[in-house]
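Below: one structure, written as structure tokens.
The values are calculated or read from the model by the stated rules, or taken from the named source; none is laboratory data. Owing to the predicted nature of the structure, the values given are computational and were not obtained by experimental measurement. Here Cβ is always computed from backbone atoms with ideal geometry, including for glycine, and neighbour counts include all displayed protein chains. Accessible surface is based on the protein model in full, side chains and every heavy atom, while ligands, DNA and RNA are left aside. Shrake-Rupley method; radii C 1.70, N 1.55, O 1.52, S 1.80 Å.
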Amino acid sequence: MGFEKGSFGLIRHAKTELNLQNRVQGTTDNSATPQSLNEMREFARTLRERNLNFSRIYTSDLQRTIETGEVFQEELGIRSAFIEPRFRDRGQG
């Protein structure tokens, strides 16, 4: 069972070191941890096994979201990826 035409799914980015410390990072540009990217890879494989297909990916311009998007692109064979700065987390001051 896949998504109906016009459907979309939201997936949060992989964890960073600040996430693991329960710290808010807002627009701080941190990379995702290798372990968290591996967890996302497993999640993407589960989506593929369940035939939940996506035709494109949108991420913010922060490194952690781009890295997460690349994992899903690779695992799900998605060709279209778009980086949109307006999708950034909110700044925290």
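Things to note:
- Selection status of I83, crowded, with 18+ Cβ neighbours inside 10 Å and within 16 Å of H13 (Cα to Cα): no
Matching residues to (1) open to solvent by 40 Å² or more (accessible area, probe 1.4 Å); (2) not in a helix (DSSP H, G or I):
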site	(1), (2)
R41	yes, no
R48	yes, no
N51	yes, yes
F54	yes, yes
R64	no, no
V71	no, no
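- Pairs where the first residue, in the stretch 34-58, is farther than 10 Å from V71 by Cα and the second is surrounded by 11 or more Cβ atoms within 10 Å (Cβ to Cβ) and β-branched (V, I, T), C-beta under 6 Å, 6+ apart: F54/I78; I57/I78
- The number of residues in the stretch 4-37 that are part of a helix (DSSP H, G or I), open to solvent by less than 90 Å² (accessible area, probe 1.4 Å) and among the polar types (S, T, N, Q) comes to 2.
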